[in-house]
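What follows is a single structure, written as structure tokens, with notes after it.
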Amino acid sequence: MSTSVALRRSAAEGLGTLLLVATVVGSGIMAERLAGGNVALALLCNSLATGLGLATFILALAPLTGAHFNPAVTLAVAAHGGLPWPEVPLYIVGQLGGAFAGVATAHAMFEMPLFIASDHARHGGGQLLGEFVATFGLVFLILACAKYRSIPVTAAAVGAYIASAYWFTSSTSFANPAVTLARAASDTFAGIRFADVLPFVGAQLLGAFAGAVALRLLRFGAASSRSNATPFAGVSWGLGCSCCEGQERSFGALPIGQRGLQRGLNHPQEKFIDLAREKEALALEPPVQDQDEG
């Protein structure tokens, strides 16, 4: 992949993470100001805005980068073969930069200093378990939605999950190392004390690892019991011919083989074969050629 393509993907991840964090922090500020001290109402507003916003950002940016917006998701997708490891640092750098830019954007909209160290304490074993559970569920969901091969389905599922996880986890579901670190620079409803960031991030990474492993085990178990099962094969598409060059994409919820969807769109005469038994993700029929008569 060319350097310019890699940088554009990193910038797209940064933009998506910026919009996500601006939504989380900005809606938290607005909700706290309007809720009149009713914390439950403020959390409801914050969770709805975050879930809906996240779904729309995934819809907009998934065709470009996969719309991870989250280092834990990026690592899980790479571990499943859906993103080349050399691209992982660029994704994470974009996500971290976008997260802090999102905090600054939200603060600027509400005429606050761009960065304010948070003193919102979030600690204890219960909250760390909440972060483990939230990130486990998020990664498991993203990878499990792969079978639908649909960006709208995944966007709706992830947005709904995050909105609900605000309520069923004790930590209000940060579930994102980049966002967690940036929220330490926001002394608002969505903030977190810097001293609590490292334990949160550790719990998130453990949860992401456990979610990815759990799905892999379940998929392999299903594949061994059903001859027509389709195991997770990572998420990449677009390589292999001149007309597909430069159209590579990666998305953590679309496991359609090593060449994949874009090639299928460009070459309708080639059909996809079920991935049940072979390590090879795709078999292509040779194109039909006209033969001279006589």
Handout entry: the range 79-162 - Rg and Dmax from Cα coordinates, angstrom
Key = 16.8, 45
Handout entry: Cα-projected label distance for residue 52 with residue 40, points at 7 Å along beta-carbon direction, nm
Key = 2.1 nm
Exercise for the section: Can you check how the C-alpha radius of gyration of the range 60-208 compares to 2.2 N^0.38 Å, as a plain ratio? Expected result: 1.03
Handout entry: Burial order of peptide ranges 186-193, 87-94 (average beta-carbon count within 10 Å, highest first)
Key = 186-193, 87-94
Problem - Taking the convex hull of Cα positions in the range 39-130, its mean projected area over all directions (nm²) - result: 8.2 nm²
Fill in the blank from the handout: Expected vector for the range 5-14, Karplus 3J(HN,Hα) from phi with 6.51, -1.76, 1.60 and θ = phi - 60°, integer Hz, x for Gly and Pro, equals 5, 4, 5, 5, 5, 4, 5, 5, 4, x
Handout entry: the range 1-80: Rg to Rh, with Rh as the Kirkwood radius over Cα pairs
Key = 1.11
Fill in the blank from the handout: Listed with the fewest Cβ neighbours within 10 Å leading, 140, 110, 200 appear as 110, 140, 200
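Quick note: the coordinates plus some simple rules give every number you see, no bench work behind them. From a predicted model like this one, the values you see are computed outputs, not experimental measurements. We place every Cβ from the backbone using ideal geometry, glycine too, and count neighbours over all the protein chains shown.
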